Amino acid sequence: MTETGPSAYERFINGIIPENPTLRQLLGMCPTLAVTNGVKPALTMAGATAFVLICANVITSLMRKLIKPHLRILVFTLTIATFVTIADRFLQAFMPEMSKVLGPYVPLIIVNCIIISRCEICGSKQGVKVALADAVGMSLGFLVALLSISIPRELLGSGTLLGLRVLPEAWPNWGVQVLPPGAFLTLGLILAFVNWYSARRAAKV
Amino acid sequence: MEYLAQLMLIAVAAAIINNFVLHYFVGICPFIGVSRKVDMAFGMGCAVTFVISIAAFLSWTFTYFIGRPGAPLTTFIWRQVAPGSTAVIDLSILNYIIFIFVIASSVQFVEMYLRRFFPPLFKAFGIFLPLITTNCAILFACLEIMKHVAGASDPAQIWGLDKALTLAIFGGIGFAIAITIMAGIREELDGCDVPKPLRGAGITLLVAGILAMAFMGFTGVDRGLETLILGK
Amino acid sequence: MSDQTSRAGFFRQSWLVLLLALSFGAALAAVEISFAPRIRENKRNATVSQIPELVPGAVKEASKEQSVGGALVYGAYDAEGRQVGWVVPAAGQGFADRIELLIGLDPTASTITGIYVLDQKETPGLGDYITSKERFRRYFEGQPAAAPLKVVKREVAPRSGEIRALTGATISSDAVTAIVNQRVRELGAALAQARQGSES
């Protein structure tokens, strides 16, 4: 397999905003909606996903010349499932409160489309440095997406950020933001904003 | 009577009150991607229910007999290998890997079944059928079953196959309900003038938010039903 | 392709998968061995760390897990090893989902010394007052365990056998009280049976 494709730097920058996995590619929406009612769970989820994405991408890249094409999904899935198990156990051991808050969404990283698609598009085709840059870029992009939703949700829904009181006590908490409908509404509006902004930029060019 | 009431409560909770899509946020990708037409959406809902049932059956079997602390099969094998040992064997760390492979196999099985007996349906699905493997709803059902089988601290509370299958099948039905409602709404929206930035995923999510609010009205229904049926 | 049909072809195709399975299996075994004690400790701590708060005079380290009436309970002991009470896990259906809580009792299980809500999924901002409002926990302190507690919607006197429902969280307050009543009754019966068994 040849090493053609975007360079490491290009992959890195692409992952953060232009090809943001959640806001542009619409991948990995399940955790984006589920864990963003507070900034702390969102950061923990982003960290866990980053760990799995980076490890899976790097290992896939190391093995890329050995994987038979028709077995590649099997290999990706096995790798991802193993690292997710490790991440889940780590959280249970060292961050039990966060593990309880995140609940079943940590093992759901296994079916997070971001990781499998990155392994398929980049990890199995390019070298370790490029794969690493791609994984880090995509992880940062995912973090940006999660923060862009969790900050308004926690601020409007509880008046706090990371558990610290930001808005005055008199702020009437917009309860729906902490509940499922708030997640859908916030993500829908943010997606609309992203679409509007990129349409404007494309029109200017 | 109490037993049936328990099963019915799990079913109603899984399908409506704690709807997989609108309450637990699993199965969002097909929810946004496949909900354009009602017949496609309904077909996807049925396929997912089918896959979830098979996957839940296999996952429960693995978790109950192998993947929990003190499971019968592992304890039996360990006694043969090291008789007299009282160590509790816990293979639950393998659960996630086994679940995802069970799901992939279930999807393969359903693919073969559809290709043999319903070829036009198989063609209509196209790429979406293998994508059911990455549907969070199925893995979520398996995780819920694992929580109640391997994670139950009280042996009397461990879920049997009946409760596990009830949760899975009615969770799938809830997914089908949500995706079909969404498809019906989107078919109507096709005739409306949706602002350009909102077209596609944006408006779908906003509608989903309103749907989720509507479904929130069902909270507490299971408790009311329980009181009604059991006369507590 | 003969590679995909012959027996040796099978291993040539899948040697990588088998190798990965073995190495990942070894990695997971290592993770299990190193993390499992900590995880067990965390789970135990979630309950045991509340014992000093629930039963006055209890020391966390001296708590003993026991089985009373077929269910797990914690005996609370003070620094000298004398039993100062019980801490009993209880669970039941709340408004939205299951509520799990701990009940503190005195050694004879005749007075409730306090409750602590471990896990609940009630409506944020309304039902979850059972966790966030300190005064709800205070209602349970010192209540007699002989008769079921009643939930009322007016001011209550302490230790009167009545719990005041939280505004906006009536059903959740009802649920918590019902869970407490049932568990206390079960424990009382189980302890009485154990006492009879040891006397006869």
Accessible area per residue, Å², the range A:129-197 with all protein chains present, probe 1.4 Å: 43 Å²
Whether the range A:8-204 is rounded, prolate or oblate, judged on the alpha carbon gyration tensor where a/c under 1.5 counts as rounded: oblate
Table column - 3J(HN,Hα) (Hz), the range C:54-61, Karplus curve with 6.51, -1.76, 1.60, x for Gly and Pro: 7, 10, x, x, 7, 10, 4, 5
Karplus (6.51, -1.76, 1.60) ³J(HN,Hα), θ = phi - 60°, over the range B:187-199, in Hz, Gly and Pro reported as x: 4, 5, 5, 4, x, 9, 9, 7, x, 4, x, 8, 5
Relative contact order, percent, chain A [alpha-carbon distance under 8 Å, six or more residues apart]: 35 percent
Degrees between helix B:136-149 axis and first principal axis of chain B (Cα, 0 to 90, nearest 10): 30 degrees
Surface accessible to a 1.4 Å probe, per residue, for the residues of the range C:55-200, Å²: 49 Å²
Ordering of C:43-50, A:110-117 by packing [mean C-beta count within 10 Å, highest first]: A:110-117, C:43-50
Computed helical MRE - 222 nm, chain C, DSSP H runs ≥ 4 contributing -39500 (n - 2.57), nearest 500: -14500 deg cm²/dmol
Residues of the range A:97-133 buried by at least 10 Å² on assembly (accessible area, 1.4 Å probe, chain alone as reference): A:100, A:104, A:105, A:107, A:108, A:110, A:111, A:113, A:116
Zone residues, the range A:118-159, relative to residue A:200, backbone N less than 12 Å from point 7 Å out along Cα-to-Cβ: none
Translational diffusion of chain B, µm² s⁻¹ [Kirkwood Rh, Cα pairs; Stokes-Einstein; 20 °C; 1.002 mPa s]: 111 µm²/s
Net charge contributed by nearby residues that have their C-beta within less than 14 Å of residue A:76 (K/R +1, D/E -1): +4
Percent of Cα-Cα distances greater than 24 Å, calculated over the range C:49-199: 30 percent
Karplus-derived HN-Hα couplings along the range A:37-49 (A = 6.51, B = -1.76, C = 1.60, θ = phi - 60°), whole Hz, x at Gly and Pro: 7, x, 6, 5, x, 4, 5, 4, 4, 4, x, 4, 5
Rounded tilt (10° steps) of C:170-199 against the dominant C-alpha axis of chain C: 90 degrees
Virtual spin-label span in nm between residue A:71 and residue B:194, 7 Å along Cα→Cβ: 4.3 nm
Environment charge of residue C:189, counting only residues whose C-beta is closer than 13 Å and scoring Lys/Arg +1, Asp/Glu -1: +2
Principal-axis tilt of helix B:95-117 within chain B, Cα atoms, nearest 10 degrees: 50 degrees
For the range B:110-198: rounded, prolate or oblate by the Cα gyration tensor [a/c cutoff 1.5]: oblate
Proximal charge balance of residue C:59 [Cβ under 10 Å; K/R count +1, D/E count -1]: -2
Gyration tensor over alpha-carbon atoms, the protein assembly as shown, equivalent ellipsoid semi-axes in Å: 44, 31, 24
Shielding by partners, peptide A:34-43 (average Cβ within 10 angstrom, other chains): 1
Residue B:116-residue B:61 FRET efficiency (beta carbon distance; Förster radius 35 Å; 0.05 resolution): 0.90
Solvent-accessible area, 1.4 Å probe, carbon plus sulfur percent, for the range A:8-204: 72 percent
Förster-model FRET efficiency, 51 Å R0, residue B:225 and residue C:82, C-beta, rounded to 0.05: 0.60
Peptide-level mean, for A:189-196, of C-beta atoms on other protein chains within 10 Å: 6
Residues residue A:101 and residue A:7, FRET efficiency given R0 of 41 Å [Cβ-Cβ distance, rounded to 0.05]: 0.60
For residues of B:24-34, the mean tally of beta carbons on other chains within 10 Å: 5
Residues in the range B:76-103 occluded by at least 40 Å² - accessible area, probe radius 1.4 Å, against chain by itself: B:93, B:96, B:97, B:100, B:101
Unit Cα scatterers, Debye sum, the range A:81-129: log10 I(q)/I(0) for q = 0.19, 0.28 Å⁻¹: -0.68, -0.98
Sorted peptide list for C:77-85, B:16-24, criterion being average Cβ within 10 angstrom, highest first: B:16-24, C:77-85
Chains B and A, summed buried accessible surface - 1.4 Å probe, Å², nearest 100: 3100 Å²
Modelled label reach - residue B:158, point 7 Å along Cα→Cβ, the range B:52-81 residues with backbone N closer than 19 Å: B:56-80
Members of the range B:115-140 that become less accessible by 20 Å² or more once partner protein chains are added (1.4 angstrom probe, chain alone as reference): B:134, B:136, B:139, B:140
Area buried, chain A against chain C - accessible surface, total, 1.4 angstrom probe, square angstrom: 1900 Å²
Chain B - mean residue ellipticity at 222 nm from DSSP helices (-39,500 (n - 2.57) per run, n ≥ 4, rounded to 500): -22000 deg cm²/dmol
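The values are calculated or read from the model by the stated rules, or taken from the named source; none is laboratory data. Keep in mind the model is a prediction, meaning the values are calculated, not measured. In this analysis, Cβ positions are derived from the backbone assuming ideal geometry, glycine residues included, and neighbour counts consider all displayed protein chains. Accessible surface is based on the protein model in full, side chains and every heavy atom, while ligands, DNA and RNA are left aside. Shrake-Rupley method; radii C 1.70, N 1.55, O 1.52, S 1.80 Å.
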